[in-house]
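Chemist: Please find one structure pasted underneath; my questions will follow.
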Amino acid sequence: TVNVSGVTINTTADSSRGLDATYSGTVNATNTNITTSGTHSASIATDRGNGTVNVTGGTMNTTGTDSPGIYSTGNITVTNALLTATGSEAAVIEGKNSITLNNTNLSGAKKSGVMLYQSFSGDAEVGTSTFNMTGGSLAAYAGPLFYATNTDAVINLKNAGLTAASGI
């Protein structure tokens, strides 16, 4: 378990995530600001399945290609934060994993708002992808607001502001 509070994280290399838990690892972050600019560099991520990341507060910005604000192959919960992805979707869930957002604002400028999928790469167990959002806002500036493929998906929204520039 790693606990982080009041720090700033900046990464520039490809595949350099801000916060990342793998296997059964856990990362808890409070008031953490993250900026990533490399390709495949999500600000908040789990990798290889079963990791857990809990974030409260902070601002996260990604600019790299295929670098969403959140990439989940585990369980990620974000509360009272702002996430902006200018080179990718806002969030991605792979396989039997989840993202839960509480009073969080996130946006994605490329591809879609949230992608829920199964890649069969071995990074995530096959099963239902779950996206939960209470309060806050989700904006997709390209493509559909939600894009689900190769997996079962459950999307639960409550009092969330939704914007899809494409109208899809």
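Chemist: Once amide H atoms are built 1.01 Å from N in the peptide plane, which residues 5 or more positions from residue 30, or in another chain, come under 5 Å H to H?
Modeler: 4, 5, 6, 56
Chemist: Here's something else I'd like to know. If you take all C-alpha pairs in region 3-87, what percent of them are over 14 Å apart?
Modeler: Every Cα pair in region 3-87 considered, those over 14 Å come to 55 percent.
Chemist: Once amide H atoms are built 1.01 Å from N in the peptide plane, which residues 5 or more positions from residue 20, or in another chain, come under 5 Å H to H?
Modeler: Amide H neighbours of residue 20, under 5 Å, 5+ apart: 45.
Chemist: Then there is this: Spin-label point model (7 Å from Cα, Cβ direction): what's the residue 126 to residue 26 distance in nm?
Modeler: 3.1 nm
Chemist: Another question about this same structure. Restricting everything to alpha-carbon atoms, can you work out Rg to Rh for region 35-85 with a Kirkwood hydrodynamic radius?
Modeler: That ratio equals 0.96.
Chemist: Here is a further query. How much of the pair distance distribution for region 115-168 lies past 12 Å, counting alpha-carbon pairs only, in percent?
Modeler: Roughly 68 percent, once rounded to a whole number.
Chemist: With a cut-off of 8 Å between alpha carbons and a minimum separation of six or more residues, what is the relative contact order of the chain in percent?
Modeler: 15 percent
Chemist: So what's the projected area for region 55-137, the Cα convex hull averaged over all directions, in nm²?
Modeler: 4.8 nm²
Chemist: Additional query: Collect residues whose amide H, placed 1.01 Å from N in the peptide plane, falls under 5 Å from the amide H of residue 116; neighbours closer than 5 in sequence don't count.
Modeler: 93, 147, 148, 149
Chemist: Over the residues of the chain, compute the C-alpha Rg and express it relative to 2.2 N^0.38 Å.
Modeler: This ratio for the chain stands at 0.91.
Chemist: Where nothing but the Cβ of Lys and Arg (+1) and of Asp and Glu (-1) is charged, how large is the charge dipole of the chain around its Cα centre, in debye to the nearest 20?
Modeler: My answer is approximately 300 debye.
Chemist: Okay, next question. Can you work out the accessible area per residue across the chain, with the rest of the protein chains kept in place, probe 1.4 Å, in square angstrom?
Modeler: Normalised by residue count, the accessible surface of the chain is 42 Å².
Chemist: Once phi is turned into ³J(HN,Hα) by the Karplus curve 6.51 cos²θ - 1.76 cosθ + 1.60 with θ = phi - 60°, what whole-Hz value does each residue of region 3-20 show in order, with x for glycine and proline?
Modeler: 10, 10, 8, x, 10, 10, 10, 10, 10, 10, 6, 5, 6, 10, 7, x, 10, 8
Chemist: What residue among 44, 70, 155 shows peak mean-square fluctuation when the chain is described by a Gaussian network model with Cα springs under 10 Å?
Modeler: Its mean-square fluctuation being the largest, the pick is 155.
Chemist: Now for a different question. Report in % the part of the accessible area of the chain that belongs to carbon and sulfur, leaving out ligands and nucleic acids; probe 1.4 Å.
Modeler: 47 percent
The values are calculated or read from the model by the stated rules, or taken from the named source; none is laboratory data. Being a predicted model, the structure only gives us computed values, none of them experimental. Cβ sites come from the backbone with ideal geometry, for glycine too, and all protein chains shown count toward neighbours. Remember, those area values only see protein heavy atoms, side chains included, never the ligands or the DNA or RNA. Shrake-Rupley method; radii C 1.70, N 1.55, O 1.52, S 1.80 Å.
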